[in-house]
Amino acid sequence: MPHAPQLVRIAILGATGRMGRSLIESVLESPQLQLVAAVTQAGEAAVGSDAGTLVGRPGIGVAIATELAPAVQLADVVIDFTRPQGTETALRECVAAGKSLVIGTTGFNAQQKAAIADAAKSIPICLAANFSIGVNVSLKLIADAARTLGAGYDVEILEAHHRHKVDAPSGTALRMGEAAAAGLGIKLEDCAVYAREGITGARATGAIGFASVRGGDVVGDHTVMFLGDGERIEISHKASSRGNFARGALRAAAWLSGRGPGLYDMQDVLGLK
Ligand code: NAD
């Protein structure tokens, strides 16, 4: 009789958040993964209750906790979608216990990024500012298109997000700009144009332009245009729910389980490098 494949045991840090709840839902749907711990910060109303209640499925037998150390002991992989301070705790506990870590939290400063790279010398870490599988495949398509089309095609990036988003252009639009720039063999910081108003003059050769739309409940739309003479190519990605980030993060967790120390990203997970 062949052995049944072992379940990958998952601890979620940031369990009560928007992404945390989406992750709980997706873990419960996965036949390869098992939710063993759900952790949030002290003071949240849900602390102590069953994690299933957050997603309308009470009785899964995992209580929402505030201490990460015991949760890390139970897990093969910790998934962190919190704030940079939460990630610092996750790094410390995962390094101490020798456990794998998926980091979805965004907004790190240079020191925090260095701490992540340092921790990745002793444990496997997958870090991505966007875990959507579709976005990550789009990044590969954008780099390939830029490389093949070359400098004769103007690159413009258009993004749309909900009315609550506070920054522009989106981090994902910037990653797309970097992918196009890498394909063209140039650096984004040397060619990015983030705004146009008034008498701007003709378009600079080699520029990569950005435009942002804000409104309604748009989860996230991105289009990269390659505009040539007599034709244009558009590579578009449209997110309609947070479930795609959660599924990507769980795919990363399964991929990371049993891997050696190192700093990986979604391009590694999807075999796109
Ligand atoms: P949220 O505010 O809804 O939830 C945050 C959760 O983290 C809450 O449970 C909160 O209690 C917990 N938390 C905050 N600080 C903590 C700390 N110091 N220690 C422990 N727990 C802490 O936020 P969200 O919308 O779920 O997003 C969470 C993070 O994930 C943000 O950084 C966001 O930018 C990022 N995000 C990343 C992706 C991606 O694909 N990488 C996608 C969506 C969101």
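Quick grid of which residues meet (1) farther than 27 Å from ARG9 by Cβ; (2) surrounded by 12 or more Cβ atoms within 10 Å (Cβ to Cβ):
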{"residue": "MET225", "(1), (2)": "yes, yes"}
{"residue": "GLY230", "(1), (2)": "yes, no"}
{"residue": "HIS237", "(1), (2)": "yes, yes"}
{"residue": "ALA246", "(1), (2)": "no, yes"}
Name the strands (runs of 3 or more DSSP E) wholly within the range 201-258 that hold at least 2 residues that are without any contact (Cβ under 8 Å) to a residue 60 or more places away in the chain?
-> 208-214, 232-239
Residue check for GLY183: at pLDDT below 95 and at negative phi = no
Lone unmet requirement of (1) surrounded by 13 or more Cβ atoms within 10 Å (Cβ to Cβ); (2) within 29 Å of VAL77 (Cα to Cα); (3) out of contact with any Cys (no Cβ under 8 Å at 6 or more places or on another chain) for SER241 = (1)
Could you please let me know if THR40 is in contact with a Ser or Thr (Cβ under 7 Å, 6 or more places away or on another chain) and either without any contact (Cβ under 8 Å) to a residue 12 or more places away in the chain or farther than 21 Å from ARG242 by Cα (or both)?
-> no
Which of (1) surrounded by 15 or more Cβ atoms within 10 Å (Cβ to Cβ); (2) modelled with pLDDT under 95 is the odd one out, the single condition VAL166 does not satisfy?
-> (1)
Tell me, which residue of the range 194-223 that is surrounded by 18 or more Cβ atoms within 10 Å (Cβ to Cβ) and in contact with a His (Cβ under 7 Å, 6 or more places away or on another chain) is nearest to SER30 (Cα to Cα)?
-> GLY220
If you take the residues in the range 52-83 that are of a type outside the set (A, V, I, L, M, F, W, C) and buried (at least 18 other Cβ atoms within 10 Å of the Cβ), which one is farthest from the ligand (Cβ to nearest atom)?
-> ASP76
The one condition LEU272 fails out of (1) away from the ligand (no atom under 14 Å from the Cβ); (2) within 18 Å of the chain's Cα centre (by Cα); (3) at pLDDT 95 or above is (3)
So which residues in the range 105-147 are small (Gly, Ala, Ser), within 16 Å of the ligand (Cβ to nearest atom) and within 30 Å of PHE226 (Cα to Cα)?
-> GLY107, ALA128, ALA129, SER132, GLY134, SER138
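State all residues of the range 27-51 that are more than 13 Å from the ligand (Cβ to nearest atom) and buried (at least 17 other Cβ atoms within 10 Å of the Cβ); if no residue qualifies, say none. First the steps, then the outcome.
Our first condition is that a residue be more than 13 Å from the ligand (Cβ to nearest atom); within the range 27-51, this holds for 27-36, 48-50.
Across the range 27-51, the qualifying residues are VAL27, SER30, LEU33, GLN34, LEU35, VAL36.
The values are calculated or read from the model by the stated rules, or taken from the named source; none is laboratory data. All values reported here derive from a predicted model rather than from experimental measurement. FYI the Cβ positions are ideal-geometry reconstructions off the backbone, even for glycines, and counts take in every protein chain you see.
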